[in-house]
1. Inside the range 24-39, can you point out the residues that are surrounded by 10 or more Cβ atoms within 10 Å (Cβ to Cβ) and either more than 10 Å from the chain's Cα centre (by Cα) or of a type in the set (Val, Ile, Thr) (or both)?
2. Mind checking which helices (runs of 4 or more DSSP H) fall wholly inside the range 20-74 and carry at least 2 residues that are modelled with pLDDT of 95 or more and more than 19 Å from Ile10 (Cβ to Cβ)?
3. Against the definition (touching a Phe, Trp or Tyr at 6+ places or on another chain (Cβ under 9 Å) and either over 20 Å from Leu73 (Cα atoms) or surrounded by 11 or more Cβ atoms within 10 Å (Cβ to Cβ) (or both)), how does Ile10 come out, yes or no?
Amino acid sequence: MAQKVATPLIQVDPAVFTRFIQENDGAVRGLLLSQLEDILIQGCMAVYGNNQTRIAEALGVNRGTLRTRMKELGYIGL
């Protein structure tokens, strides 16, 4: 089981978050998860460079899945 992080890694301004929810009703979860995936990939790329195998291992996803998502986000050519 993964350990709980003692200090939240992502800080959100409550007013900005409330406005985001109001403006994106029905799509909030998908939009936030997409942003989080982007942040995770960027962070792993900062640590592991372009080593997709290592990034996939760190994220706990299949390398093919990672490549697909990286293409969608524009990190690698289509």
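The values are calculated or read from the model by the stated rules, or taken from the named source; none is laboratory data. On a predicted model such as this, the values are computed, not experimentally measured, just so you know. Glycine gets a Cβ as well: all are built from the backbone with ideal geometry, and neighbour counts include every protein chain shown.
1. Just the residues of the range 24-39 that are surrounded by 10 or more Cβ atoms within 10 Å (Cβ to Cβ), to begin with: 24, 27-28, 30-39.
Correct list: Asn24, Ala27, Val28, Gly30, Leu31, Ile39.
2. Working: elements: 28-48, 52-59, 63-73.
Qualifying helices (runs of 4 or more DSSP H): 52-59, 63-73.
3. Values: touching a Phe, Trp or Tyr at 6+ places or on another chain (Cβ under 9 Å): no; either over 20 Å from Leu73 (Cα atoms) or surrounded by 11 or more Cβ atoms within 10 Å (Cβ to Cβ) (or both): yes.
When the stated conditions are applied, Ile10 does not pass them.
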